[in-house]
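Taken together, the values in this text are just the output of simple stated rules run on the coordinates, not laboratory data. All values derive from a computational prediction rather than experimental measurement. Ideal geometry is used to build each Cβ from the backbone, glycine not excepted, and the neighbour counts take in all protein chains shown.
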Amino acid sequence: MAREGFKIAVLPGDGIGPEVVSACLEVLDAVRDAVGGVSLEYDSLEAGAALYTLTGESLPVETLRRAGEADAVLLGAMGMPDIRYPDGTEIAPQLDLRERFELFAGVRPVKTFAGLPLPLADPRAAEIDFVIVRESTEGLFAARGRTVREGDRAVRDTMVITREASERLFHYAFRLARRRKEQGRPGTVTLVDKANVLGAFAFFRGIFDECARQYPDVEAQRSYVDATGLNFVKKPWDFDVLVTENMFGDILSDVAAGLVGGMGLAPSGDIGEEHAVFQPCHGSAPDIAGLGHANPVATLLSGAMMLEWLGERHDSPACDLGARLLRAAVGRAFAEGELVPFELGGDAGTEAITRRVLECVRSPETRREVEISKGSR
């Protein structure tokens, strides 16, 4: 039976986090009103570096409990460069959430927007539309908090690749490519690894090959991480779904954001079997906090990912429609080329972008566009 009401745990966090989250909640409310048939209840929770300086805790037990009880988590930004744990690492409650809730698939969509300046001069850059799926529970990040030190002579961080985590990651990537193929995309999964050098990645690739045989309708490709970096610059429009290890995915996600204009346009979802956290890929950007310059688009698109996930998980057509309406509204907001964010050389800040997206959400033309696109699938 379809669900209609959802509780969203909201963690605004640090720096520009509260600014972009506030914009996203306003737009989500407008989307809810436009589509009808769904209710969203927000539970605002504390976490982050600023909280750590006050209490000595970056992710309180109560915050973790309430986040676990929510239907989804919307997160702004966590951490500040000058606030660190005693071992020198930054405050990163988002990593704690991934580990605690087994959020194994870090999903990072990468897509250009008509009307915005493109970093790459090639006209084919306008066709960039791919997704990075990053394993988020192990890989090199498994060493976090477990660094082995040998006095002042050496340190060792150990990468972990397991069959269980790899299989669930690859199945997720192949199912995603299958859905994208139904929507007109190529339906290709590219494994990114370094199997020619490290045995852990040879093991990773072997599991990928086993999983690929279960999806004969989806093309499976393999690419070394250095070659992938090169092709991000030379021909990123050729990619569809890329799947990779934690550290490689962390690096490639930021590079990919640069291909379409920057971190302000880069949404993400950390997906598990039972829980999911949605957040912009950017950090807390303390240098622009409070200036009104923050681009809320990455958070808005993360909100659309959240609605889509809720729609799939709980059989909610209203959530699915809301996700498509929100994405269409963001696209229409920039289509005429008059609205350009600060980081792309324009003068549009948080308020101007939010107002324009709200206008597009409420526009009958946007709703018709969404209905037409649904019918053409």
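Observations, loosely collected:
- Here is what passes the span test in the chain: the DSSP H helices with alpha carbon length of 18 Å or more along the helix axis and a Kyte-Doolittle mean of 1.0 or above are 246-260.
- Annotation: amide H-H contacts under 5 Å for Gly106 (H modelled 1.01 Å from N, sequence separation of 5 or more, or interchain): Arg134, Glu135, Ser136, Ile271.
- Our helix-only sum for the chain, with -39,500 (n - 2.57) per DSSP H run of n ≥ 4 divided by its residues, gives a mean residue ellipticity at 222 nm of -14000 deg cm²/dmol.
- Note on the stretch 261-377: Cα-only Rg and Dmax are 15.0, 45 Å.
- Tensor-based shape of the stretch 187-229 (alpha-carbon gyration tensor, a/c under 1.5 rounded, otherwise prolate or oblate): oblate
- Across the options Thr112, Leu59, Tyr215, the greatest Cα extent toward the positive end of the charge dipole of the chain (unit charges at beta carbon of Lys, Arg, Asp, Glu) belongs to Tyr215.
- Anisotropy class assigned to the chain is rounded, per the alpha carbon gyration tensor with a/c under the 1.5 cut-off.
- Peptide packing for 90-101, 337-348 was compared via the average number of neighbouring C-beta atoms within 10 Å per residue; ordered from the highest value, the list is 90-101, 337-348.
- Sorted on the mean count of surrounding Cβ atoms within 10 Å across their residues, most packed first, peptides 292-303, 246-257, 141-152 read 292-303, 246-257, 141-152.
- Evaluated on the stretch 118-260, the Kirkwood hydrodynamic radius is 16.0 Å, with distances taken between all distinct Cα atoms.
- Assuming charge only on the beta carbon of Lys and Arg (+1) and of Asp and Glu (-1), the dipole of the chain about its Cα centre is about 980 debye to the nearest 20.
- Furthest towards positive pole of dipole, Val160, Gly345, Gly229, structure part the chain, Cβ charges: Gly229
- With the simple model of a label 7 Å out from the Cα in the direction of the Cβ, Val160 to Lys234 spans 3.7 nm.
- When peptides 228-234, 168-174 are sorted by average Cβ neighbour count within 10 Å, with the highest value leading, the order is 168-174, 228-234.
- Remark: C-alpha extents of the stretch 120-159 on the principal axes read 53, 22, 11 Å, sorted largest to smallest.
- The stretch 33-167: C-alpha gyration tensor shape, a/c 1.5 cut-off, then a/b vs b/c: oblate
- The stretch 170-247 and the stretch 313-359 have Cα centres spaced 29 Å apart.
- Inter-label distance, nm, simple model (7 Å from Cα along the C-beta direction), Glu150/Glu273: 3.8 nm
- Positive-pole candidate from Ile16, Leu326, Tyr172, dipole of the chain, charges at beta carbon: Tyr172
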